[in-house]
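**Q** Sharing a structure, written as structure tokens. Questions coming.
The values are calculated or read from the model by the stated rules, or taken from the named source; none is laboratory data. In this text, all values refer to a predicted model and were calculated from it rather than measured experimentally. Quick reminder, even Gly has a Cβ in these numbers, built from the backbone with ideal geometry, and neighbours come from all protein chains shown. The area values use the complete protein model at the heavy-atom level, side chains included, leaving out ligands, DNA and RNA. Shrake-Rupley method; radii C 1.70, N 1.55, O 1.52, S 1.80 Å.
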Amino acid sequence: GEELERHVRSLPKVILKRIERSGLMVARTEGALMAKGDTVTFLDSHIECNVGWAEPLLARIKESPKHVVMPIIDSIDPDSFTMHGGGVKLLAFTWTLGQDHSINSKRPYDPVNPMPSPI
């Protein structure tokens, strides 16, 4: 509500502008290096967070600071605007750096417990 909006407005903001275009990952890396908080969260411009989205992720990080966490990403149908739950389960990449979703069919899916690295 209004109290949360006031609190968010009071938080410090960091604006990082690069003279030359260097791409998304360089910008994120530089932002992470500048960050002063205990955790860093990157949200793309098309992401909308629902109530309670951060707590499960932060709980996993609290278990071990070596954890890298990623939420299950819901999608919105562009024609009907209906929400469809959980699109990305485990993210893997091919040698050409394309996304590999076939790994999701090779192991049982557990939406709660951590998944071991495929590497």
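**Q** Please go through the stretch 46-69 and pick out each residue that is closer than 24 Å to M83 by Cβ and in contact with a helix residue (DSSP H, G or I) (Cβ under 8 Å, 6 or more places away or on another chain).
**A** V69
**Q** Within the stretch 10-44, can you find the residues that are within 18 Å of the chain's Cα centre (by Cα) and acidic (D, E)?
**A** Those that are within 18 Å of the chain's Cα centre (by Cα) and acidic (D, E): E30, D38, D44.
**Q** When the stretch 45-87 is examined, which residues are found to be over 23 Å from R28 (Cβ atoms), open to solvent by 90 Å² or more (accessible area, probe 1.4 Å), of a type in the set (D, E) and in a loop (DSSP other than H, G, I, E, B)?
**A** Of everything in the stretch 45-87, just one residue is over 23 Å from R28 (Cβ atoms), open to solvent by 90 Å² or more (accessible area, probe 1.4 Å), of a type in the set (D, E) and in a loop (DSSP other than H, G, I, E, B), namely D79.
**Q** Something else now. Of the residues that make up the stretch 45-57, is at least one in contact with a Lys or Arg (Cβ under 6 Å, 6 or more places away or on another chain) and at pLDDT below 85? If you could, list the steps in order and put the result at the bottom.
**A** The initial filter retains those residues of the stretch 45-57 that are in contact with a Lys or Arg (Cβ under 6 Å, 6 or more places away or on another chain), namely none.
No, the stretch 45-57 has no match at all.
**Q** Could you list all residues from the stretch 1-34 that are in a loop (DSSP other than H, G, I, E, B) and free of Cβ contacts under 8 Å to residues at least 12 places away in the same chain?
**A** First, pick out the residues of the stretch 1-34 that are in a loop (DSSP other than H, G, I, E, B): 1, 11-23.
Within the stretch 1-34, G1, L11, P12, K13, I15, K17, I19, E20, R21, S22, G23 meet the criteria.
**Q** Now, a different point. Which condition does E3 not pass, out of (1) modelled with pLDDT of 80 or more; (2) surrounded by 10 or more Cβ atoms within 10 Å (Cβ to Cβ), if it passes all the others?
**A** Of (1) modelled with pLDDT of 80 or more; (2) surrounded by 10 or more Cβ atoms within 10 Å (Cβ to Cβ), only one is false for E3: (2).
**Q** Which of (1) touching a Phe, Trp or Tyr at 6+ places or on another chain (Cβ under 9 Å); (2) open to solvent by 100 Å² or more (accessible area, probe 1.4 Å) does R28 not meet, given it meets every other one?
**A** (2)
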